[in-house]
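Enquirer: Could you have a look at this structure, given as structure tokens, before my questions?
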Amino acid sequence: MPPAPPAYAARPARPGVPGPGDPADPAPDPARVDPAVLGALLRRHGWQRRGGAAGRFGRWTPPAAGPGTAPASILVPESRAFPDCTDLLEEALAALARSALPAAREVLYGLGVPSDEVRWERRVPQGPSGAYGLPGEAAWSVQEQLRSAARRLLLAGALADRARVGYHGARHRARAERALDGVLVGPAADGRALSAYVPVAGGRGPVARLHHALHAAREAVDYRRATGRMEAFDAAVPAGVSRELADALIALVRGSEGARIALAWAPAAGPPPGCAARPEPVEFSPGDLPALREAAARYTRAEPAVPVRLSGTVVRMRRSAPSGGGTVRLRVLSGAEIAYARVSLGEDAYRVAGRAHLAGVPIRLTGRLQRRGGFRRLTDAEDVAPVPLDEVQRDRLMKTLDDPSDFLPADDQPL
């Protein structure tokens with residue numbers, strides 16, 4: 001089933017910025033809301049159907065909450081065939097928008113755009129109360145830890161969608177971060193849970209890969225704890241497990257009594273190919289931390305150096321004496337998905353790099369990207385040569401470095 005059009009223009013929820021469901025936001029357009037999708041989102045977020053005319057509409061009541069936090073119930077039509085469908089949807093959406101109940105806000109988030117939902121829950125001690133902090137609310141530092149760990153897990157999924165390796169380092173990071181630009185965030189009131197809504201229109205690869213990676217990591221940890229052996233972590237790399245995923249799980253679990261990650265697919269789009277329709281939540285506990293730390297170290301040691309042929313502009317040069325070799329820093333244009341690389345050059349190659357820098361042209365060289373430092377260091381550099389550019393190419397290079405293929409000669413062209 002193709003994704004439904006957005007009910008309204010959703011935007012990320014940030015402190016001080018209204019999100020979907022806030023009074024400052026426009027209400028979803030009832031004419032563009034699918035009643036089946038609304039019913040699925042209500043059920044997902046704890047609303048209960050308490051009857052209604054069969055085949056016409058259902059009466060939904062919210063999860064248990066204090067008085068005045070939610071409507072007593074809302075009526076939702078079962079399909080567009082019901083004559084008063086639009087009117088009922090308008091009343092239901094208005095009631096959700098007025099509600100302060102988190103379950104109402106989460107439904108509105110899900111209606112904003114067809115989105116896959118990732119939800120994190122951490123079991124942490126109760127935060128301070130009294131003059132600062134609210135009773136039952138997690139400490140501010142705990143909430144920040146949850147946000148940071150959640151973003152790192154999403155980034156690990158996006159990195160695994162780019163490449164299946166045990167240690168990514170700086171590779172693919174810029175594109176993986178851009179893949180998360182459209183994610184909406186809806187925190188729970190007590191700071192112990194966090195939901196992220198990843199739009200289907202932007203591609204489902206990161207969430208689908210995270211789904212497989214989390215289950216593979218859980219199985220590998222269980223195998224390590226049962227047998228004392230680490231081979232399962234090697235076999236989990238094709239599923240998307242990496243040092244970045246292990247580090248994110250460590251950050252999520254550390255300082256808590258355990259953490260739970262649950263995924264739910266956009267009702268309007270259904271599950272991605274190869275994924276369970278209703279994925280089981282995955283849980284990790286403090287007892288899993290030694291295995292995760294050992295896996296992170298293992299992935300770092302095992303990832304080999306990568307032979308590359310880089311093109312880049314020289315942005316920094318340094319050597320300890322007026323003559324001899326030195327170190328240069330390159331802004332990488334092509335050859336590897338990293339932003340910068342540090343290269344040690346001999347005297348002749350250093351002079352070539354210096355002349356290219358003064359002339360305002362890139363250089364091209366071969367070498368090996370080392371895992372130490374996150375694949376940002378190039379060793380065994382050879383064949384250092386400037387890349388000649390005409391005036392038009394040089395002007396375009398000065399204006400933008402986003403797509404170097406527009407102005408760099410191909411590798412098979414003579415320099």
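Enquirer: Of the numbered conditions (1) modelled with pLDDT under 95; (2) in contact with a helix residue (DSSP H, G or I) (Cβ under 7 Å, 6 or more places away or on another chain); (3) under 21 Å from H172 (Cα atoms), L245 satisfies every one except a single condition; which is it?
Expert: Against the list (1) modelled with pLDDT under 95; (2) in contact with a helix residue (DSSP H, G or I) (Cβ under 7 Å, 6 or more places away or on another chain); (3) under 21 Å from H172 (Cα atoms), L245 comes up short only on (1).
Enquirer: Can you tell me which residue within the range 265-281, out of those that are surrounded by 20 or more Cβ atoms within 10 Å (Cβ to Cβ) and under 20 Å from the mean Cα position of the chain (by Cα), is farthest from H211 (Cα to Cα)?
Expert: Filtering first and then ranking leaves A266.
Enquirer: Just checking, does the range 198-206 include any residue being surrounded by fewer than 20 Cβ atoms within 10 Å (Cβ to Cβ), in contact with a helix residue (DSSP H, G or I) (Cβ under 7 Å, 6 or more places away or on another chain) and not β-branched (V, I, T)?
Expert: There is at least one residue in the range 198-206 that is surrounded by fewer than 20 Cβ atoms within 10 Å (Cβ to Cβ), in contact with a helix residue (DSSP H, G or I) (Cβ under 7 Å, 6 or more places away or on another chain) and not β-branched (V, I, T).
Enquirer: So how many residues does the range 303-351 have that are free of Cβ contacts under 8 Å to residues at least 24 places away in the same chain and either touching a His at 6+ places or on another chain (Cβ under 6 Å) or under 17 Å from A170 (Cβ atoms) (or both)?
Expert: Looking only at that region, the number is 3.
Enquirer: Run G324 past the list (1) more than 30 Å from the chain's Cα centre (by Cα); (2) at pLDDT below 90; (3) at negative phi; (4) not in a helix (DSSP H, G or I) and report the number of the one that doesn't hold.
Expert: Evaluating G324 over (1) more than 30 Å from the chain's Cα centre (by Cα); (2) at pLDDT below 90; (3) at negative phi; (4) not in a helix (DSSP H, G or I) leaves (3) as the failure.
Enquirer: Filter the range 338-389 down to the residues that are under 26 Å from R243 (Cα atoms) and hydrophobic (A, V, I, L, M, F, W, C), then identify the one that is surrounded by the fewest Cβ atoms within 10 Å (Cβ to Cβ).
Expert: Across the range 338-389, the extreme among qualifying residues is A339.
Enquirer: Going through the range 60-84 one residue at a time, which ones are under 20 Å from E106 (Cβ atoms), modelled with pLDDT of 70 or more and not hydrophobic (A, V, I, L, M, F, W, C)?
Expert: T61, P62, P63, S73
Enquirer: Take the residues in the range 133-148 that are assigned to a helix (DSSP H, G or I) and hydrophobic (A, V, I, L, M, F, W, C), then tell me which one is modelled with the highest pLDDT.
Expert: Checked the range 133-148; the qualifying residue modelled with the highest pLDDT is L146.
Enquirer: Out of the residues in the range 321-337 that are farther than 13 Å from V306 by Cα and touching a Ser or Thr at 6+ places or on another chain (Cβ under 8 Å), state the one that is surrounded by the most Cβ atoms within 10 Å (Cβ to Cβ).
Expert: That would be L330.
Enquirer: So in the range 299-320, with the set limited to residues that are polar (S, T, N, Q) and out of contact with any Leu (no Cβ under 6 Å at 6 or more places or on another chain), which one is surrounded by the fewest Cβ atoms within 10 Å (Cβ to Cβ)?
Expert: Going through the qualifying residues, I end up with S320.
Enquirer: I would also like to ask the following. For the range 318-334, indicate whether the set of residues that are of a type in the set (D, E, K, R), touching a helix residue (DSSP H, G or I) at 6+ places or on another chain (Cβ under 9 Å) and farther than 28 Å from L154 by Cβ is non-empty.
Expert: yes
The values are calculated or read from the model by the stated rules, or taken from the named source; none is laboratory data. Just so it is clear, the structure is predicted and the values come from calculations on it, not from any experiment. With ideal geometry, Cβ positions are generated from the backbone for all residues, glycine too; neighbour counts draw on all protein chains shown.
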